[in-house]
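The values are calculated or read from the model by the stated rules, or taken from the named source; none is laboratory data. Computed from a predicted structure; not experimentally measured. Every residue, glycine among them, receives a Cβ derived from its backbone with ideal geometry; neighbour counts consider all protein chains shown.
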Amino acid sequence: MAKKRTSRAEYETLLLVGEGETKVAFLNHVKALYAPRGCGLAVKVMCARGKGAAHVVDVAIRQKLNAAYDSVAVLLDTDQDWGPAVDKRARHHGVQVLCSEPMFEAKMLRVHRQPARGRSEELKRRFAPLVNGDGLDPKNYGTHFGDRILQTARQRESTLDRLLQLLRR
């Protein structure tokens, strides 16, 4: 007797590429909040391991060419290697760019309505308490970057709003 084949539901697929491990941890946190199993959206989060905006976009383009993702987006800083040529290349290949100006830690401080000016080391130092001193663990984003806080901040932060739209929220 032949086995009965069960059909799987079709999922929309989304690839999110973070410039570095801190951004990947945040993306994994957001994925856990808004794209649980069975929601109809399959999200893959990848790390581009730094090296500037152009490299992050290139990683996303290569992944998009290797697999048929419905949507592809990158989360990157604008402080290194970002410009019109990189933006044009991303748009040409259908990669959505989520910019953190000038850097991710500044954006996360603005989510909490804190000043986001200063040197990179200072911004990272001020960001650390918001993630229990470890921005590489997605679990550390739960307290200070929960649903209510992100939904409120999306009105002020267009990049956050675009990310949540990609996750259908």
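Screening residue 23 on (1) crowded, with 20+ Cβ neighbours inside 10 Å; (2) part of a strand (DSSP E or B) shows it passes everything except condition (2).
Restricting attention to segment 111-130, the residues being surrounded by 19 or more Cβ atoms within 10 Å (Cβ to Cβ) and touching a residue at least 24 places away in the same chain (Cβ under 8 Å) number 1. Selection within segment 86-102: residues that are touching a helix residue (DSSP H, G or I) at 6+ places or on another chain (Cβ under 8 Å), outside any strand (DSSP E or B) and modelled with pLDDT of 95 or more. The member of this set that is surrounded by the fewest Cβ atoms within 10 Å (Cβ to Cβ) is 94.
Taking segment 6-50 as the range and being more than 23 Å from residue 136 (Cβ to Cβ) and among the hydrophobic types (A, V, I, L, M, F, W, C) as the test, the residues that pass are 9, 39, 41, 42.
Against the conditions (1) under 18 Å from residue 162 (Cα atoms); (2) without any contact (Cβ under 8 Å) to a residue 60 or more places away in the chain, residue 59 satisfies every one except (1).
Any chance you could count how many residues in segment 153-169 are exposed (fewer than 14 other Cβ atoms within 10 Å of the Cβ) and among the charged types (D, E, K, R)? Reasoning before the result, please.
Here is the first cut: in segment 153-169, the ones exposed (fewer than 14 other Cβ atoms within 10 Å of the Cβ) are 155-156, 158, 165, 168.
Checking the rest, the ones that are also among the charged types (D, E, K, R) come to 156, 168.
Residues flagged as exposed (fewer than 14 other Cβ atoms within 10 Å of the Cβ) and among the charged types (D, E, K, R) within segment 153-169 amount to 2.
Summed over segment 26-78, the residues that are among the acidic types (Asp, Glu) and either under 28 Å from residue 148 (Cβ atoms) or not in a helix (DSSP H, G or I) (or both) give a count of 2.
Residues in segment 51-80 that are surrounded by fewer than 17 Cβ atoms within 10 Å (Cβ to Cβ) and either of a type in the set (D, E, K, R) or on the phi > 0 side of the Ramachandran plot (or both): 51, 62, 70, 79.
A Cβ distance below 8 Å, combined with a sequence gap of six or more or placement on separate chains, defines the contacts here; from segment 18-44, residues that are on the phi > 0 side of the Ramachandran plot reach residues that are outside any helix (DSSP H, G or I) and not hydrophobic (A, V, I, L, M, F, W, C) in the pairs 40/11; 40/12.
Of everything in segment 132-152, what is crowded, with 17+ Cβ neighbours inside 10 Å and either within 15 Å of the chain's Cα centre (by Cα) or free of Cβ contacts under 8 Å to residues at least 24 places away in the same chain (or both)? Give them in sequence order. Lay out the reasoning, then the answer.
Step one: of segment 132-152, the residues crowded, with 17+ Cβ neighbours inside 10 Å are 135, 138, 140-141, 145, 150.
Correct list: 135, 138, 141, 145, 150.
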